[in-house]
Every structure is written in C-alpha cells, then in structure tokens.
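Have a look at the structure below, then the notes.
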Amino acid sequence: MQAFEATSFYFDQAAKLLDLTENIRTLLVTPEREVRVEVVIELDSGAIGNFIGYRVQHDSARGPYKGGLRYHPLVDQDEARSLASLMTWKTALVDLPYGGAKGGINCDPTKLSRGELERLSRRFIEKIHDMIGPFKDIPAPDMGTDAQVMAWIMNEYGKFEGFNPACVTGKPVEFHGSEGREAATGYGVAIIAREILGRLKRSIAGSTFAIQGYGNVGRHTARFLGRQGAKIVAISDAYGAVMNPSGLDIAELDRHVAVNRKIVGFKGGDPATNDQLLMSPVDVLIPAALGGIFDKELAQAVQAKLIIEAANSPTWPEADLVFNARGIPVVPDILANAGGVIVSYFEWVQNLQHFRWPLEQIQREEEKRLVDAFGEMYDLAERKQISMRTAAFYHAIIRVSRAHALGGM
Ligand code: GLU
C-alpha cells in the first residue's frame, strides 16, 4: 500500500457512514491538479544538480489551497498527493477557509549548503509561481524547510507577481511572519494532549511520554509538555534515541542539541534505539517525525496507552486496525498537528490586514480552535462508537462536501 491509498482508506471509513454517492466520493478523493517540475541549479562545486519538485492541489471547495513544502529524499508524487489530501481534511476539521495542497522537492537538505538551498527554492518558485498566491495556493514549512526558505519564497514570488507577503506562511517574525508560528504545531500537540488526557481522567502532569522526532514539532511539543509537568522518558532524532525513566531534562537536552546538532551523546539519559522508544511502556507515545512508522507488527508491540500523531500519516491502516482492536486510542494527525496550519491562517490574516497580533492572542485563538474541534471529534466518536480518526474525517468530509454543494459543482 502506498501513502495516498492509505489516506483514501481512512477517508473511505468515514465516507461509508455518510452514504456518499460514488461520484461524490471520486470528486472528493481525486486531486484537482498535480504539477511535477524539474529544478536545475548550479551546485557549489560547479556541477549541475537536477532535482524534482512537486505541488499537488487537492481540493479548493472551501478556499485557496494550503499546505507545506517538504524537502526530503522520500518526497514523491504519491506522498505529496497523500499529504495534500490530508491538508484538505485538516483545514476543514479546524474550520479554516482553505482547501488542501502539499508539495516539495526530492533532495537531502542536510547535504546542501545554504546557497544551494536558496538557489533550489528560488528556482522551484520560478517554475510554480503562477499556480501559487495569496488567493490561489499558500505554501508553508514542512519537514526540511523553515522560516528562511519561506522568506526566499516570498521574495522570489514578489519578483514575478509583486510584493505580497500573504503568498506564503511560516515566514520569519521580523519578515512578515507571525508570532507563535514556529512553535504552533508543538503548542497544539500539547493542547490536544491535555484535552484527551482530561477525557481519559488523567493529566499531563504525572503521565509519561515518549516522543519520536526532535525537529520543529517534536522539540516544541517536548517543551510545552515539559512545562506542564510531563515526565518525558524518551526522545529520538534521525540518529538515535535517549531514555531516562525518571524523566529527561528538556532544557538541558535543548542546550546539548544546540551545540552538537543531534541527541546522541546527551549525558542526561541512556542511549537507546528508535524501536526501543516506540515500544517503551509509556502512557503517551507521540510520533513526530516521518510518516509510515507504525506497521502491523509494531502496532502489536506498542506498549503505550495512548498515541498522539504529531507527524503526518505515521500509521498504516493495518496498524490502525490493530490499535483499534487493542483499545489504544489514537488522536489522528489531522487534528493533533493542526496547530501549525491554524497559526499559518492567522499569519495570512495578519498579512492581508497589514496588522500584527500579539502572541497571547495567537495562542488563545489557536487553543480555542483546537479545543472546539477536539470536542466535536471526541463526542462524535463516543456517540457513534467509532475511532477518533473516523470521527475527524466524518466532520471534515461533511464540511468539504457541503462547500462543493453550496458552490455548485
Ligand atoms: N506543513 C504543516 C502541516 O502539515 C503546515 C501547513 C501550513 O501551515 O500550511 O500541517
């Protein structure tokens, strides 16, 4: 099974409960537009580098397409298609006036210099500038891209279409970005953790956590959970994991990573493998790295009592069925990591208004949207005795199909 098929499987589980006609199902599943471009740049060595970039625009019934750009060696058409579809359901679930898109470039950004990354980003935008824009399609950061890349995108877009910071979100705060955007996804994961644990009659303080991934999402998730008294017993990055049953000191770990660029070698815990982390007996397991982590075997071996999907698409359908059968609740990605796109929306609104909101307002409004969407999803799951994932898709599909109906097909 490939990534897009997996996303469509989750869609279908909810669609079945909605009695959609086959034509509407096809309309909702099929991406509206897919673009693949060759991006050629001069490398620092003087050699030519050929890369392939993608942008998939999945659905625009509710508004302009919205979604990140990923720079990673596993980026391909199918992955972009799957992630674009997830953006459609994510933005609908938290009720943002957007559709869904995703894209990226197949490359290894850790092996490219800053100059090469800049040339790559600019050349990519040169190729796709006519399909993006503030009211067409608004890119944002994802794995392997950051605020600096968004700044280059804004500047490059401006060369073709004129100054318009609302053409991309996740920009640096001092360059038309928003307060709270960088930490927004992790902040949202911590809010969702508080909400779900509350429903399960538990709390963040006193619960144990394992977090897979220490990129933008994992790092901020750890920080916000730590501040609320979480006991984070394991964290990993692409190179390895560290464990400490009495809880890791996140501030210390941050200092270590700032100097060494990786978790390996951190003295505040014992070295461990990624698999040990994923199978550790914690209350809450948070995948916050690549997709496709949980297969059937791993799902059977997981000892966590609750899973919160901070990463996009970490769970294959066969693993999801195992989690459901074992009674391990899974908070789905389209809600758990929606904090990022919610604050992207606030950034876009601020850009359009030429006005700045303070951090307190951003965090307050992000929290409200997440808490409302969580409540709707959780209550529906309870009422219908379905998984939270199916409930989340159910709400999202209703909103998107309603927009199609109102707009006229
Ligand atoms: N890449 C993030 C996501 O998957 C953020 C997208 C955005 O802000 O548009 O949700």
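The values are calculated or read from the model by the stated rules, or taken from the named source; none is laboratory data. Remember, it's a predicted structure, so these values are computed and weren't measured experimentally. Glycine also receives a Cβ, built like all others from the backbone with ideal geometry; neighbour counts cover every protein chain displayed.
Quick one: would you say Lys201 is outside any helix (DSSP H, G or I), free of Cβ contacts under 8 Å to residues at least 24 places away in the same chain, out of contact with any Gly (no Cβ under 7 Å at 6 or more places or on another chain) and surrounded by fewer than 23 Cβ atoms within 10 Å (Cβ to Cβ)?
The answer is yes for Lys201.
Within the bounds of segment 7-19, is there any residue that is away from the ligand (no atom under 16 Å from the Cβ) and farther than 26 Å from Asp295 by Cα?
yes
Could you list, in sequence order, all residues of segment 55-79 that are assigned to a loop (DSSP other than H, G, I, E, B) and either under 20 Å from Met150 (Cα atoms) or polar (S, T, N, Q) (or both)?
Answer for segment 55-79, where residues must be assigned to a loop (DSSP other than H, G, I, E, B) and either under 20 Å from Met150 (Cα atoms) or polar (S, T, N, Q) (or both): Ser60, Pro64, Pro73, Val75.
I'd like the residue in segment 103-138 that is in a loop (DSSP other than H, G, I, E, B) and either among the acidic types (Asp, Glu) or over 22 Å from the mean Cα position of the chain (by Cα) (or both) and, out of all such residues, is farthest from the ligand (Cβ to nearest atom).
Among those that are in a loop (DSSP other than H, G, I, E, B) and either among the acidic types (Asp, Glu) or over 22 Å from the mean Cα position of the chain (by Cα) (or both), it is Ser113.
Of all the residues that make up segment 1-53, how many are over 23 Å from Gly408 (Cβ atoms), touching a residue at least 24 places away in the same chain (Cβ under 8 Å) and not acidic (Asp, Glu)?
Of the residues in that region, 23 qualify.
If only one of Lys171, Lys127, Lys111, Lys136 is surrounded by 22 or more Cβ atoms within 10 Å (Cβ to Cβ) and basic (Lys, Arg), which one is it?
The match here is Lys171.
When you go through Leu380, Leu406, Leu321 one by one, which is the residue that is over 15 Å from Leu96 (Cα atoms), without any contact (Cβ under 8 Å) to a residue 60 or more places away in the chain, of a type in the set (A, V, I, L, M, F, W, C) and loosely packed, with under 13 Cβ neighbours inside 10 Å?
Being over 15 Å from Leu96 (Cα atoms), without any contact (Cβ under 8 Å) to a residue 60 or more places away in the chain, of a type in the set (A, V, I, L, M, F, W, C) and loosely packed, with under 13 Cβ neighbours inside 10 Å holds for just one of Leu380, Leu406, Leu321, which is Leu406.
Looking only at segment 224-258, count how many residues are within 18 Å of Arg194 (Cα to Cα), surrounded by fewer than 19 Cβ atoms within 10 Å (Cβ to Cβ) and basic (Lys, Arg).
Counting residues in segment 224-258 that are within 18 Å of Arg194 (Cα to Cα), surrounded by fewer than 19 Cβ atoms within 10 Å (Cβ to Cβ) and basic (Lys, Arg) gives 1.
Can you confirm whether Val349 is among the hydrophobic types (A, V, I, L, M, F, W, C), surrounded by fewer than 21 Cβ atoms within 10 Å (Cβ to Cβ) and within 16 Å of the ligand (Cβ to nearest atom)?
The answer is yes for Val349.
Scanning for something more than 12 Å from the ligand (Cβ to nearest atom), of a type outside the set (Val, Ile, Thr) and closer than 19 Å to Arg36 by Cα, does segment 160-177 turn up at least one residue?
Checked against the condition, which is being more than 12 Å from the ligand (Cβ to nearest atom), of a type outside the set (Val, Ile, Thr) and closer than 19 Å to Arg36 by Cα, segment 160-177 yields no hits at all.
Please verify whether Glu366 is closer than 21 Å to Leu93 by Cα, free of Cβ contacts under 8 Å to residues at least 40 places away in the same chain, buried (at least 22 other Cβ atoms within 10 Å of the Cβ) and within 13 Å of the ligand (Cβ to nearest atom), treating the condition exactly as stated.
No: the conditions fail for Glu366.
Within segment 74-102, work out how many residues are more than 11 Å from the ligand (Cβ to nearest atom), farther than 23 Å from Arg402 by Cβ and either touching a residue at least 40 places away in the same chain (Cβ under 8 Å) or crowded, with 24+ Cβ neighbours inside 10 Å (or both).
Of the residues in that region, 8 qualify.
Report every pair of residues separated by at least 6 positions or lying on different chains whose Cβ atoms are under 7 Å apart, first residue within segment 106-135 and at pLDDT 95 or above, second crowded, with 18+ Cβ neighbours inside 10 Å and in a loop (DSSP other than H, G, I, E, B).
Asn106/Val75; Pro109/Gly144; Leu120/Cys107; Leu120/Leu112; Phe135/Pro64
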